[in-house]
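Asker: I am attaching a structure below and will ask some questions about it afterwards.
Every number in this text was worked out from the coordinates using simple rules, so none of it is lab data. Here the structure is a predicted model, which means the values were calculated and not measured. A quick note on method: Cβ atoms are made from the backbone with ideal geometry, for glycine too, and the neighbour counts reach across all protein chains shown.
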Amino acid sequence: MKLSRASGALGLVAFAALTSPFAFADDAGWYSGVNAGQSRAKIDDVRITSGLLGGGFATTSITDDDRNTGLKLYGGYQFNKNFAVEGGYFDLGKAGFMANTLPAGTLSGNIKVRGLNLDLVGILPITEKFSAFGRAGLTYAQARDSFVGTGLVDVINPSPSKRAGNYKVGFGLQYNLTESLGTRAEVERYRIDDAVGNKGDIDLVSVGLVYRFGAKTPAPAPIEPVAVYVEPAPVPKAVAVIPPPPPPAPRKVTFSADSLFDFDKSTVKPAGKLELDKLTAEIKGTKVDAITVTGHTDRIGSHDYNLKLSTRRAEAVKAYLVDSEALPSDKIAARGVNGSEPVTKPEDCIGEKATKKLIACLQPDRRVDVEVSGTK
């Protein structure tokens, strides 16, 4: 028995372009999952008929049993938004046939396949929760055959088996239900060596669940301090009262993110520390009520990634101000707003792809605002 050669190779989903400025970082981590579905092998009836004819038997009919239940257990490590390595165990169930012959007799055969695999996985994010992926990898599988003859059909080796390495390919879709749990649907093709010297393919169409370890729900943005105005008590008419001067308007200082941080980083670089030192020198000479640090990104990249990056950068500036003794940490609030508050206009910077021209045009949007509230 031989599984048929595939008429064409399955196409892998293209790897996502790694040139996006926000393509890496917070998606790294371990995960595991389980899939189950239908396996299907096309039985090579022509080869079976030819083999029986070589033994002096004409084939009157062949019945194929080419579908069964398959499953796989897997675990992997995702390095970034676009690349992961995955390994696991698979069981493709069994496939078989029954051939009736002249002179009178029958020949039936079955194959069971199971093994281990190691895959490279390319991921293409489509939305914040929905993505496509493609895989290519190596397998080490065991094929166990069993043959039974009746009548004049005699089987010399009824139970051959073989272990061999080979390859597999596949593609699929994933939807993240929560930060930790997602669901997958995928199609895979396994190249198999059977136990009687033939090679063929078994396809597995499956669905399942994937669990990501250590995923955390993003912390809510800190609440900005709210100034409350209390109306002064009424003044007797006979007494002239000079009202106190209104508190000074908050002072806001804007720093370019490119001057404070390296590309796609949230650690304040030496040149950025010099910029912040000028501000802390002014703050130390005043009475300050509160400081609000707001991190901004431009619109390129996903909302989730930009929110995390802008929050980390705001927290880094807050930590530097605290270390510089500009103000106690309980009086400094930090938050990230991704690219939702741009200073550029859509008509000034046209386009969505991360070209050099668009990145340069959106430079004013990548910034950190430090708002100082207080009196001398």
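Asker: Roughly how many whole Å is it from the C-alpha centroid of segment 62-84 to that of segment 150-220?
Answerer: Taking the Cα centre of each part, segment 62-84 and segment 150-220 sit 3 Å apart.
Asker: When only C-alpha pairs under 8 Å and at least 6 residues apart count, what is the relative contact order of segment 251-375, in percent?
Answerer: Answer for segment 251-375 is 40 percent.
Asker: If you look for lysine pairs in segment 324-376 that are eight or more places apart or on different chains, how many of them have Cα atoms under 23 Å apart?
Answerer: Numbers: K331/K376; K345/K353; K345/K356; K345/K357.
The number of close lysine pairs in segment 324-376 is 4.
Asker: In the P(r) worked out for segment 24-165, what percent of Cα pairs fall beyond 22 Å? All intermediate terms of the calculation are to be shown ahead of the outcome.
Answerer: Numbers: 5356 of 10011 pairs.
So the pairs more than 22 Å apart make up 54 percent of the total in segment 24-165.
Asker: If you don't mind, another one. Can you list the GluC sites (Glu not before Pro) in segment 330-372 that are in a DSSP coil and have 14 or fewer other beta carbons within 10 angstrom? Please list the in-between numbers first.
Answerer: On the way: sites: E347, E352, E371; in loops: E347, E352.
Listed in order of number, the matching sites are E347, E352.
Asker: Against the empirical 2.2 N^0.38 Å scaling, what ratio does the C-alpha Rg of the chain come to?
Answerer: Relative to the rule-of-thumb radius for its length, the chain sits at 1.59.
Asker: Within the chain, what's the longest stretch lacking chymotrypsin sites (Phe, Trp or Tyr not before Pro) that sit in DSSP loops with no more than 12 other Cβ atoms inside 10 Å?
Answerer: 1-212
Asker: Using a Gaussian network model of the chain with C-alpha springs under 10 Å, which one of R251, R299, R335 is most mobile by mean-square fluctuation?
Answerer: Highest fluctuation of the listed residues: R251.
Asker: Looking at segment 88-191, which trypsin sites (Lys or Arg not before Pro) are DSSP coil and have at most 15 other C-beta atoms within 10 Å of their C-beta?
Answerer: Passing sites in segment 88-191 are K129.
Asker: A further question on this structure: Roughly how many Å is it from the Cα centre of segment 305-376 to that of segment 35-52, as a whole number?
Answerer: If we compute the Cα centre of each part, the gap is 61 Å.
Asker: Given the -39500 (n - 2.57) contribution per DSSP H run of 4+ residues, what per-residue ellipticity at 222 nm results for the chain, rounded to the nearest 500 deg cm²/dmol?
Answerer: On the way: 5 runs with 55 residues, N = 376.
Value at 222 nm, helices only: -4500 deg cm²/dmol.
Asker: What Kirkwood radius, in Å to one decimal, follows from the Cα pairs of segment 251-375?
Answerer: Working: mean 1/r = 0.0673 Å⁻¹.
Answer for segment 251-375: a Kirkwood hydrodynamic radius of 14.9 Å.
Asker: Let me ask something else about it. Tell me, E186, E128 in order of fewest to most beta-carbon neighbours within 10 Å?
Answerer: On the way: E186 21, E128 11.
Fewest-to-most Cβ neighbours within 10 Å comes out as E128, E186.
Asker: Oh, and also: Can you list the aspartates and glutamates whose alpha carbon sits under 12 Å from that of K308, skipping same-chain ones fewer than 8 residues off?
Answerer: Once the sequence-local aspartates and glutamates are set aside, what remains near K308 is D26, D27, D264.
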